[in-house]
Amino acid sequence: MSDKIKVVVSRAIFDDTIAQLAQHFEVVSNQEDVLWSRETFIAKLEGAQGVFTTAAERIDDELLAACPQLRICANMGVGYNNFDVAAMTARGVLGTNAPGVLTETTADLGFALLMATARRITESERFLREGRWKAWRYDMFAGQDVHGSTLGILGMGRIGQGIARRGAHGFGMQVIYHNRSRLAPDLEAACNARYVSKDELLAQADHLVLVLPYSPAAHHTIGAAELKQMKPTATLINIARGGLVDDAALARALADGTIAAAGLDVFEGEPKVHPGLLSVPNVVLTTHIGSASVPTRRAMATLAADNLIAYLTQGKALTPVNL
Ligand code: DGY
């Protein structure tokens, strides 16, 4: 038996991160590329004081009750809707996330999805790969303009502001946004953004990007009624969390032309994808890769590991979300 503190790493991660943790702790890690079952996860956590998690592992009261030694859950991601924060706080368990280090990379992906969706890039590529391209045509994969259009942003945190700056300064877009609270004037000026009501945002945006955090109160923020408020030429981009959008309603709206197209990096119940979304051509689908550049994924892993080390060895985490 080791006398080191035990920590568990729930998913395959960089060897360097495991080595960083192993300097301080006994590390039990999941280096197979499959999710542990809930039972296996709880069994692995026996005696562990810390756990390195991703958005896929639910940390709730049932798990906390089964793991009374647990003191910290360190998420490798800025979103932490996998945490039941109230239950963690009630049991004195700290949660940490990884903000800041992924802002620009995720904003890049948001913009990449917006471009690919508006300009029908993946539809065109599929057509070409299927050997169906016989001649140039005036209307072949004609999509929507990005430059000069109206960019709507729902959720104006760091990533939302990054997308707004790209749109305003790179593509001459008019930026409108809706958020729980209005940005300070200097932040609005930095991304040339105008605060509007949610109804105005839905009605005026040519491209609407969702960047708000998920919470039960935000479940299905975009459903059939909201999709009907949008322009028939509009695109919807979701790089935040799947539960924000009613995917069944979105699939219907894409099929019947309520909106023009969507670009989705996240899904309700991912990695499962609603079959209606798989069967329509006007949607670009990616595998929750918002923060997936090598340097950013390294920075996220390092920050999650730093949180475990700082809290379990010195009692103070770098980026706590509770306690
Ligand atoms: C995040 O940082 O929240 C990403 O979605 C990865 O989980």
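Could you list, in sequence order, the residues of the stretch 119-135 that are under 25 Å from ILE237 (Cβ atoms) and not in a helix (DSSP H, G or I)? Reasoning before the result, please.
Here is the first cut: in the stretch 119-135, the ones under 25 Å from ILE237 (Cβ atoms) are 119-129.
Passing the criteria: ARG119, ARG120.
Identify all residues within the stretch 1-30 that are more than 23 Å from the chain's Cα centre (by Cα), within 19 Å of THR54 (Cβ to Cβ) and in a loop (DSSP other than H, G, I, E, B); write none if there are none.
Selection gives PHE25 alone.
Within the stretch 71-83, is even one residue assigned to a loop (DSSP other than H, G, I, E, B), farther than 28 Å from GLY243 by Cα, among the basic types (Lys, Arg) and away from the ligand (no atom under 16 Å from the Cβ)?
Yes, because at least one residue in the stretch 71-83 is assigned to a loop (DSSP other than H, G, I, E, B), farther than 28 Å from GLY243 by Cα, among the basic types (Lys, Arg) and away from the ligand (no atom under 16 Å from the Cβ).
Kindly indicate whether GLU188 is without any contact (Cβ under 8 Å) to a residue 24 or more places away in the chain and outside the structural domain of GLY77 (by TED's automatic domain parsing).
Working: without any contact (Cβ under 8 Å) to a residue 24 or more places away in the chain: yes; outside the structural domain of GLY77 (by TED's automatic domain parsing): yes.
The answer is yes for GLU188.
Quick grid of which residues meet (1) closer than 16 Å to LEU64 by Cα; (2) in contact with a Phe, Trp or Tyr (Cβ under 8 Å, 6 or more places away or on another chain); (3) touching a residue at least 24 places away in the same chain (Cβ under 8 Å):
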| residue | (1), (2), (3) |
| --- | --- |
| SER2 | no, no, yes |
| ILE18 | no, no, no |
| LEU21 | no, yes, yes |
| HIS24 | no, no, yes |
| VAL27 | no, no, no |
| ASP33 | no, no, no |
| GLU39 | yes, no, no |
| ALA43 | yes, no, no |
| GLY47 | yes, no, yes |
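Only one of (1) assigned to a loop (DSSP other than H, G, I, E, B); (2) in contact with a Ser or Thr (Cβ under 9 Å, 6 or more places away or on another chain) fails for GLY92. Which number is that?
So GLY92 meets the others, but not (2).
Working only within the stretch 42-57, note down all residues that are buried (at least 21 other Cβ atoms within 10 Å of the Cβ), outside any loop (DSSP other than H, G, I, E, B) and away from the ligand (no atom under 16 Å from the Cβ).
GLY50
Quick one: THR106 ticks every box in (1) surrounded by fewer than 23 Cβ atoms within 10 Å (Cβ to Cβ); (2) within 27 Å of VAL284 (Cβ to Cβ); (3) of a type in the set (Val, Ile, Thr); (4) within 16 Å of the ligand (Cβ to nearest atom) bar one, so which box is it?
That leaves (1) as the condition not met.
Have a look at GLY276, GLY243, GLY269, GLY263 and point out the one that is outside the structural domain of ASP16 (by TED's automatic domain parsing), within 14 Å of ALA55 (Cα to Cα), not in a loop (DSSP other than H, G, I, E, B) and not polar (S, T, N, Q). Give the derivation first.
On the way: GLY276 fails: within 14 Å of ALA55 (Cα to Cα); GLY269 fails: not in a loop (DSSP other than H, G, I, E, B); GLY263 fails: within 14 Å of ALA55 (Cα to Cα).
One residue alone meets the criteria, GLY243.
Does SER215 qualify as being exposed (fewer than 15 other Cβ atoms within 10 Å of the Cβ), of a type in the set (S, T, N, Q), in contact (Cβ under 8 Å) with a residue 12 or more places away in the chain and within 16 Å of the ligand (Cβ to nearest atom)?
Numbers: exposed (fewer than 15 other Cβ atoms within 10 Å of the Cβ): yes; of a type in the set (S, T, N, Q): yes; in contact (Cβ under 8 Å) with a residue 12 or more places away in the chain: yes; within 16 Å of the ligand (Cβ to nearest atom): yes.
Answer is yes for this residue.
Among the residues that make up the stretch 264-276, is at least one of them away from the ligand (no atom under 15 Å from the Cβ), buried (at least 23 other Cβ atoms within 10 Å of the Cβ) and at pLDDT 95 or above?
No: zero hits.
The values are calculated or read from the model by the stated rules, or taken from the named source; none is laboratory data. Please read all numbers here as calculations on a predicted model, not as lab measurements. With ideal geometry, Cβ positions are generated from the backbone for all residues, glycine too; neighbour counts draw on all protein chains shown.
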